[in-house]
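Participant: Got a structure for you, questions after.
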């Protein structure tokens, strides 16, 4: 089987439930993955919206998710460092943690991408996403993707 990412809250290509958006509780959805490469040492999760008017809007970045992990629960706290050693990178709002879908107009796509890395990354706390992306170069073993959509009802 291939490396896969899914959620019990929504299927790929379907509507992200309101509870996980700015119109609801704005908490992260539950995610689970399977069949990462055997050489995986850590995971990086990036959630972004390529349909944002000003360019890709980053909603969530979490790295150094332990290799033993196979899921993230609903409502991951926005702490800089989680008890398992996972670390947040600021999102496009310049905040740590998850910021749910909140499109200004129209229907947007939200990509949750999980990268399996052959290393554990060491970055200064509060490092920008760009620094994380650069540190990942040459270390990505596989990528799994889940895409959900959302449009605000007015």
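Coordinate-derived values only; no laboratory data. Note that this is a predicted model, so its numbers are computed, not measured. For neighbour counting, all protein chains shown are included, and Cβ atoms are generated from backbone atoms with ideal geometry for every residue, glycine included.
Participant: Select, from 8, 28, the only residue that is closer than 17 Å to residue 147 by Cα, part of a loop (DSSP other than H, G, I, E, B) and either touching a helix residue (DSSP H, G or I) at 6+ places or on another chain (Cβ under 7 Å) or in contact (Cβ under 8 Å) with a residue 60 or more places away in the chain (or both). Before you say what the answer is, go through the steps one by one.
Facilitator: Values: 8 fails: either touching a helix residue (DSSP H, G or I) at 6+ places or on another chain (Cβ under 7 Å) or in contact (Cβ under 8 Å) with a residue 60 or more places away in the chain (or both).
The conditions single out 28.
Participant: If you don't mind, there's one more thing I want to ask. Working carefully through the options 83, 73, 90, 104, find the one that is more than 21 Å from residue 24 (Cα to Cα) and surrounded by fewer than 13 Cβ atoms within 10 Å (Cβ to Cβ).
Facilitator: Exactly one of 83, 73, 90, 104 is more than 21 Å from residue 24 (Cα to Cα) and surrounded by fewer than 13 Cβ atoms within 10 Å (Cβ to Cβ), namely 83.
Participant: Then there's this: Confirm whether residue 129 is within 16 Å of the chain's Cα centre (by Cα) and under 26 Å from residue 53 (Cβ atoms).
Facilitator: The answer is yes for residue 129.
Participant: Checking residue 52 against (1) touching a residue at least 60 places away in the same chain (Cβ under 8 Å); (2) crowded, with 16+ Cβ neighbours inside 10 Å; (3) over 15 Å from the mean Cα position of the chain (by Cα), only one condition comes out false. Which one?
Facilitator: Against the list (1) touching a residue at least 60 places away in the same chain (Cβ under 8 Å); (2) crowded, with 16+ Cβ neighbours inside 10 Å; (3) over 15 Å from the mean Cα position of the chain (by Cα), residue 52 comes up short only on (1).
Participant: Taking only region 46-73 into account, find how many residues are more than 18 Å from residue 149 (Cα to Cα) and touching a strand residue (DSSP E or B) at 6+ places or on another chain (Cβ under 9 Å).
Facilitator: Total meeting the criteria: 12.
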